[in-house]
1. Of Gln277, Tyr296, Gly409, which is farthest on the positive side of the dipole of region 255-444, counting Cα position, with +1 on Lys and Arg Cβ, -1 on Asp and Glu Cβ, and the Cα centre as origin?
2. Expressed in nm to one decimal, what extension gain is obtained for the pair Glu84 and Arg41 from 0.36 nm per residue of sequence separation less their Cα-Cα distance?
3. Taking the beta-carbon count within 10 Å as an exposure proxy, list Met88, Met156, Met317 from fewest neighbours to most.
4. Which part of region 365-389 falls in the paramagnetic zone of Glu407, meaning amide N under 19 Å from the point 7 Å along Cα-to-beta-carbon?
5. Label-point separation (nm) for Glu18 and Asp375, each offset 7 Å from Cα along Cα-to-Cβ?
6. Using a 7 Å offset from the Cα along the Cα-to-Cβ direction at both Gln129 and Arg73, what is the distance between the two label points in nm, to one decimal?
7. Can you tell me the orientation of helix 229-241 relative to the chain, as the angle in degrees between its alpha-carbon axis and the longest Cα principal axis, to the nearest 10?
8. State the antiparallel share, in %, of DSSP beta bridges confined to region 6-250, rounding to the nearest 5.
Amino acid sequence: MESSKNFIDGEWRAPHSEATLPTIEPATGRSYGQIADSDARDVDAAVAAARAAYDVGAWGRTSACERGRLLSRFGQRIADLADELTTMESRDTGKPIQVAKADIAALARYFEFYGGAADKLHGETIPYQTGYQVSVLREPHGVTGHILPWNYPAQMFGRTLAPALAAGNATVLKPAEDACATALRLAEVATEIGFPPGAINVVTGAGATAGAALAAHGGVDFMSFTGSPQVGQIIQKLCADHYITCTLELGGKSPQLVFADADFDSTVPVIINAIIQNSGQTCSAGSRVLVQRSAYDTFVKRLADAFVRVRVGAPEMRRDCGPIITHKQQTRVQGFIDAAVRAGVPVLAQGLIEDGVDPHGFYTTPTLFGPVPRDNSLAHEEVFGPVLCVLPFEDEADAIELANSTEYGLAAGIWTRDGARQIRVGKRLRAGQVFINCYGAGAGIELPFGGSRKSGHGREKGFAALHDFTTTKTMVQHHG
Ligand code: NAD
C-alpha cells in the first residue's frame, strides 16, 4: 500500500501536484504519515478510469452473478485480514480496538450481504395494451461518486460501495482527509481478489478541492454523500448543476422517548451505549433522552449512576470511548459543553478519562446534562461527541411534539411496555428508523436507513440501497 498516492485504474498514482496532507493519530495528536492532497486533475483521472471500466471495460460486462461472487469473495478476504484492518482503523480514528474490530466485521458483512443480493435485483413487466410487451429494466447509473466522513471509514466504505458495485456501477470514492487508511488498503485488496481496474477508484484530499471536483464532475452519474448538513447542501447544488441526483446522509439529533412504564433495567444501558458508541461521533447517536415527567427523577438517577461509570481511554485500553477524531472536532464538542455550563444547564454526571492517556490526544469527558431547556442549543443541535441531554415531557402528545421539534429526522427510540402506544407513537415520529425497546439493532446492514430534512434524503443499507444505486428503463415493444 502506498498511502501518499491515489488508487486509480487498479494502480497507485501520485497526485498531479505531488502535494500531501499529514495523517494525525487522534490518540497522540501526532502525525504518522501522509496522504495525497489531490486536485481536480486527479479526480478527472479517477472518473475517466471508472467511465472506461463501465462503458467499454471488463466491469461493465461482468454479469450480476459474477459481481456477486466478487463481492462475497471480497467480504471473505476482509474477514481474513481483520487483524490488519482493525489495527489500521483504530490508529487512524482513535476507536477502541474492540470497536474497530466490530466495524471491520460489519464491513465484511456489507460485502457478504450485497454479494448475495447482486443477482436478485429484478426488473418487472407491466401489462399494457394488447399487442405490446413492456419490460422495466433495473440498470446501474453508470459512474457513482462517493464522499465519506471520518467517523466510520471502513464501515462506510462497505455501506456505500457494496450496493453500488452489486448494482453494477463503477465507483470513485473520496474518503475524509482525516481517516483514509482503510479505504486505500481496501481498494488494493479488491484489485488483488479480482475486481477489474477502474471498478473501484480512491482519491484522497481536501473536501473543497478533491470532494467538490468529484461532485461537480460531468462524468459522474450519481453521488452518495455522508457528512455535515452544510457540505450536503453544497453537494446537492453541485449535482443540480449537472442534473444528477444524490443521496445525502447528514446526521441527526435522535430522540429516545422513555415513558414511565418502561423497563428501566434494560433501557439505561442501551441509552448510554447509544451516545457513547464511537465517542458520540455517530449520525444516529441517541443524543436526546426525553423522559416522562412522572418518572423523571427515578429514571434520571438510574441514568446518572450508570453514566459516571463511562470510561475514556487510548484505543489499546479497550474502554467505552476513545479520543475525538481531530483537535477541531474536540474543540467543537468542548464548546458545546462549556456553553451549556455557562448557560447554567445542570451537569447530572460525567464519565472519566483514564490516567495514562497521551496528553496531546483529543480526549473529551463524556457529560450528561439535564434538565436541558427546550430552547438550549444542546436540545436541538448535533454535538457529535459524548454529550447526552435529558428533557422532561408531560404526556404522549408532548413527547411526540418534542421528539419532532428539531430540523433532523434520522432515528428514534421508544421505551414503553404499552404495545398500542409503541405503534401509535412510532407512526407519528419523523424518523427514517424507529426502534422499540431497543436501539441500533446491531450494525443493521439489512435495514433501510436514512432520514429527511436536515438528516438528508435517500436510503442506504438493505435492498433500499440497491434501488437508490440503480435507475429504471421502460422498454415498450410492439409485437402485434
Ligand atoms: P464534512 O461534511 O466537512 O466532511 C465530510 C466529507 O465531505 C469529507 O470527505 C470532506 O472532505 C468532504 N467535503 C468537505 N467540504 C466539501 C466540499 N466543499 N465539497 C465536497 N466535499 C466536501 O464534515 P466534518 O467537518 O468532517 O464534520 C463536521 C460535522 O459534520 C460534525 O460535527 C458532524 O456534525 C457532521 N458529520 C456527520 C457525519 C454523519 O455520519 N452524518 C459524519 C461526519 C461528520
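Every read-out reported here was derived from the displayed coordinates using simple, explicitly stated rules and does not represent laboratory data. For clarity, every value in this text was computed on a predicted model and none was experimentally measured. A quick note on method: Cβ atoms are made from the backbone with ideal geometry, for glycine too, and the neighbour counts reach across all protein chains shown.
1. Gly409
2. Details: separation 43, 0.36 × 43 = 15.48 nm, distance 3.17 nm.
Here the answer is 12.3 nm.
3. Fewest-to-most ranking of Met88, Met156, Met317: Met317, Met88, Met156.
4. Within reach of a label on Glu407: 374-385.
5. 5.9
6. Going by the 7 Å Cα→Cβ label model, 4.9 nm.
7. 20
8. 45
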